[in-house]
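**Student:** Take a look at this one; I'll ask things after.
Laboratory data are not the source of any read-out in this text; all were calculated from the coordinates shown. Keep in mind it's a predicted model, so treat the numbers as computed, not measured. Positions of Cβ are generated from backbone atoms using ideal geometry, with glycine treated the same way; all protein chains shown enter the neighbour counts.
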Amino acid sequence: MARNKVTVIGAGNVGATTAQRIAEAGLADVVLVDIVEGMPQGKGLDLAEAAPVVGHDARITGTNDYADTAGSDIIVVTSGIPRKPGMSRDDLIATNAGIVGGVVTSAAAVSPDAIIIVVTNPLDVMCHVAMRASGFPRERVLGMAGVLDSARFRTFIAMEMGVSVEDVHAFVLGGHGDTMVPLSRYSTVAGVPITELLPEERVKALETRTANGGAEIVALLKTGSAYYAPAACTFEMVDAILRDRKRVLPCATYLQGEFGVDGLFVGVPVVLGRGGLERVFEITLTADEQAAFDRSAAAVKELVAALPA
Ligand code: APR
């Protein structure tokens, strides 16, 4: 049986860490691509040399040539520039739209059946760019944001409650930005909603910290943005797809009427399996939650409208 092949475009912090996770789990062979010559080859070789010690058989290589990525099952897009302190994700739009459009055109041409996972920010807008550049159907273009935002929310809930992260579930919907919608009513400790476990102002504080989770890391790092958690979350999506796990995960998805939104990428829970997006997992929102979701979708729409044609 042929092994799965995952191409990771952008061999920087998020890309290289994602590649490491995929290879070390033995999930797939990995091809790391970057525009910088020698760097992806160097990181690929370095990661390959860890294999005898870590103990896996995945092949991991680096390249500057898209021919080497041909026949990939998944294409992970992390190429672009990250945020600097004081920048919002939206400040990256023009530069990263050019980069994402170019790399997706090259990669999709040689892997026409691949599933694309976009990680580059501003996330929801870059998903639009990737869908346009690839011409792929919505089932095969997904964005990694909700898994990360939910992981951050879970971390903060576990810290607050003094319980294991394993027993904490959280849902964050909407765009990957300041308007994201942490759904506390559906966020639980051992199945009990946090709205029943914590006073309202603590719930609000955790929601706010989640929405600012990326900026909190950027302010501390000063020279880049988060990558350990983003890579772990990207890995979770790759794993759900390649092992056809039917995981229910929040992903940026091109909505066609679901949640009252049409023709826009916004974060919603979906069922992820070998076909990529297998089903949008619709849940009932209260009027307040729907209003917050609509505001978030409107913010994404404004950015998409600002994209160069
Ligand atoms: N083709 C291929 N690679 C490119 C291109 C291109 N046209 N342009 C830039 N790159 C590469 C850079 O050379 C760099 O190695 O993308 C990589 C980005 O890596 P980092 O600068 O380390 O950024 P990282 O922290 O990995 O974040 C990447 O993910 O989370 C988002 O907001 C973040 O948009 C950013 C992206």
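**Student:** Enter the angle in degrees (range 0 to 90, nearest 10) between the Cα long axis of helix 146-161 and the first principal axis of the Cα atoms of the chain, meaning the one along which they spread out most.
**Tutor:** Roughly 50 degrees between the two axes.
**Student:** If you place +1 on the Cβ of every Lys and Arg and -1 on the Cβ of every Asp and Glu, how big does the dipole about the Cα centre of the stretch 5-143 come out, in debye to the nearest 20?
**Tutor:** 380
**Student:** Going by alpha carbons, how many degrees (0 to 90, nearest 10) lie between the helix axis of 93-110 and the longest principal axis of the chain?
**Tutor:** Rounded to the nearest ten degrees, it is 50.
**Student:** So between S164 and E196, what do we pick up on full extension, going 0.36 nm a residue minus the alpha carbon distance?
**Tutor:** Extending this stretch completely gives an extra 9.7 nm.
**Student:** Let me know the charge dipole size of the chain about its Cα centre in debye, to the nearest 20, where only the beta-carbon of Lys, Arg (+1) and Asp, Glu (-1) is charged.
**Tutor:** 180
**Student:** Each residue of the stretch 135-144 in turn: what ³J(HN,Hα) in whole Hz from Karplus with 6.51, -1.76, 1.60 and θ = phi - 60°, glycine and Pro shown as x?
**Tutor:** Listing the rounded values in order: x, 6, x, 4, 4, 10, 9, 9, x, 8 Hz.
**Student:** Tilt of helix 123-134 relative to the longest C-alpha principal axis of the chain, in degrees (0 to 90, nearest 10)?
**Tutor:** Compared with the principal axis, the helix lies near 40 degrees.
**Student:** Another question about this same structure. Helix-only mean residue ellipticity at 222 nm, the chain, DSSP H runs n ≥ 4 weighted -39,500 (n - 2.57), per residue, nearest 500. What is it? Display every interim value, and only then the final one.
**Tutor:** Values: 9 runs with 129 residues, N = 309.
That comes out to -13500 deg cm²/dmol.
**Student:** Take every DSSP beta bridge whose two residues both sit in the chain, then give the antiparallel share in percent to the nearest 5.
**Tutor:** In the chain, approximately 50 percent of DSSP beta bridges are antiparallel ones.
**Student:** Now a separate question. Mind pulling the per residue volume of the convex hull built on the Cα atoms of the stretch 32-141? Å³ is fine.
**Tutor:** Per-residue hull volume (Cα only) is 117 Å³.
**Student:** A further question on this structure: Taking the Cα centre of each part, how many Å lie between the stretch 96-122 and the stretch 208-240?
**Tutor:** 20
**Student:** For the stretch 247-254, take each phi angle, set θ = phi - 60°, evaluate the Karplus expression 6.51 cos²θ - 1.76 cosθ + 1.60, and give the result in whole Hz per residue in order, putting x for glycine and proline.
**Tutor:** Computed from phi, the couplings for the stretch 247-254 are 5, 9, 10, x, 9, 5, 9, 6 Hz.
**Student:** With a Cα-only, solvent-free Debye model of the chain, what are the log10 I(q)/I(0) values at q = 0.07 Å⁻¹?
**Tutor:** Scattering profile of the chain, log10 relative to I(0): -0.25.
**Student:** Evaluate the Debye formula for the stretch 146-305 with equal point scatterers sitting on the alpha carbons, no solvent, and hand back log10 of I(q)/I(0) at q = 0.15 Å⁻¹, in q order, two decimals.
**Tutor:** Those come out to -0.84, one per q.
**Student:** Treating only the Cβ of Lys, Arg, Asp and Glu as charged (+1, +1, -1, -1), what charge dipole size does the stretch 146-305 show about its Cα centre? Round to the nearest 20 debye.
**Tutor:** The calculation lands at about 420 debye.
**Student:** From Cα pairs below 8 angstrom and at least 6 apart in sequence, can you work out the relative contact order of the stretch 146-305, rounded to a whole percent?
**Tutor:** Relative contact order comes out at 23 percent.
**Student:** Could you check the spin-label model distance between N64 and A232? Points 7 Å from the Cα along Cα→Cβ, value in nm.
**Tutor:** 3.5
**Student:** Another question, if that's okay. Among T208, L249, Y227, flag the residue with its Cα farthest along the positive direction of the charge dipole of the chain, charges on Cβ as +1 for Lys/Arg and -1 for Asp/Glu.
**Tutor:** Sorting the options by dipole projection puts first Y227.
**Student:** Another question about this same structure. At 25 °C and 0.890 mPa s, what whole-number value in µm²/s does Stokes-Einstein give for the translational diffusion of the stretch 126-201, with Rh from the Kirkwood sum over Cα pairs?
**Tutor:** Using the Kirkwood radius from Cα pairs, D works out to 177 µm²/s.
**Student:** Please tell me the relative contact order of the chain in percent, rounded to the nearest whole number, where contacts are Cα pairs under 8 Å and at least six residues apart.
**Tutor:** Relative contact order comes out at 17 percent.
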